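The structure appears right after this line, and notes come after that.
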Amino acid sequence: MTPLVVATQNPGKLAEMQHHLSEFSWELQFMPAGLEIEETGQTFAENAALKACQVAEHTGQWAIADDSGLEVMALKGAPGIYSARYGKTDADRIQRLLTALGDVGNDLRSVGDHRSAQFVCAIALARPDGRLACQAQGVCLGEILMTPQGEGGFGYDPIFYVPSMQRTFAELSRETKQRISHRGEAFKALRPQLLNLQTELGF
Ligand code: ITT
């Protein structure tokens, strides 16, 4: 089996990526401890590629990375690519976002478009020499609640409400979130390229 280093320090993300990669014959490996990659890109796709390529170059193995975040329309797309740097802990980040939004949409029975948001996820896979092999992106549309709801998931999940499910990401089962999320959509888009790579590598 060909080793594949999963280039993330975020345990919530790591668990979801492991699930999405479970059908493939890669031998998943964790990223070396202490390896810090500066996210200097201007887009999710640039940052995902940067993380995958640098980890591949550093380890000499295939590497896969995810760059993701939450874009809130009333905040002109913030926190966006800065979602992880928006606060020190998940609770801090959620509180800062709720404070920034204030009572936008509070005067309406349904929060509707005023608090509309989308999660975005870019995935990139790099070859052992550090060259980008393939990439894909996925989005999931939702709304930001006034207060957190639900215990599951990670990050901004308790305030991200999906109207079609009538639940927040934190209230969905793990399987459902994985199916409909931005990360699920990105892996769906990447799947044909991963299958081609398996053929190229002969497994
Ligand atoms: P790595 O760079 O090590 O992968 P990170 O947490 O720093 O981990 P990002 O730079 O991609 O990752 O930042 C993603 C941010 O968006 C982070 O604050 C996450 O909690 C949040 N996020 C991403 N996907 C999410 C999801 O499915 N549910 C909730 N929050 C999510």
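For region 153-173, a residue qualifies if it is within 11 Å of the ligand (Cβ to nearest atom) and open to solvent by 30 Å² or more (accessible area, probe 1.4 Å), and the qualifying residues are GLY153, PHE154.
Hey, which of the strands (runs of 3 or more DSSP E) in region 92-175, taking only ones fully inside, have at least 3 residues that are farther than 30 Å from ALA56 by Cα and under 19 Å from the mean Cα position of the chain (by Cα)?
On the way: elements: 116-126, 132-144, 160-162.
In region 92-175, 132-144, 160-162 are the strands (runs of 3 or more DSSP E) which contain 3 or more residues that are farther than 30 Å from ALA56 by Cα and under 19 Å from the mean Cα position of the chain (by Cα).
If you check every pair at least six apart or on different chains, which have Cβ atoms under 7 Å apart with a residue in region 118-142 that is at positive phi first and a residue that is open to solvent by less than 50 Å² (accessible area, probe 1.4 Å) and not in a loop (DSSP other than H, G, I, E, B) second? Between residues of region 118-142 that are at positive phi and residues that are open to solvent by less than 50 Å² (accessible area, probe 1.4 Å) and not in a loop (DSSP other than H, G, I, E, B), the close pairs are GLY130/CYS53; GLY130/ALA56. Annotation note: of ALA65, ALA84, the sole residue that is touching a Leu at 6+ places or on another chain (Cβ under 9 Å), modelled with pLDDT of 95 or more and not basic (Lys, Arg) is ALA65. For region 5-13, the criterion of being under 16 Å from TYR82 (Cβ atoms) and surrounded by fewer than 19 Cβ atoms within 10 Å (Cβ to Cβ) is met by at least one residue. Of all residues in region 31-76, which are within 13 Å of the ligand (Cβ to nearest atom) and among the acidic types (Asp, Glu)? If the condition is that a residue be within 13 Å of the ligand (Cβ to nearest atom) and among the acidic types (Asp, Glu), then GLU36, GLU38, GLU39, GLU46, ASP66, ASP67, GLU71 are the ones that fit. For region 16-43, a tally of residues being surrounded by 15 or more Cβ atoms within 10 Å (Cβ to Cβ) and over 28 Å from THR199 (Cβ atoms) returns 3.
The values are calculated or read from the model by the stated rules, or taken from the named source; none is laboratory data. Source: prediction; values computed, not measured. Here Cβ is always computed from backbone atoms with ideal geometry, including for glycine, and neighbour counts include all displayed protein chains. Just the protein is used for accessible areas: all its heavy atoms, side chains included, with ligands, DNA and RNA removed. Shrake-Rupley method; radii C 1.70, N 1.55, O 1.52, S 1.80 Å.
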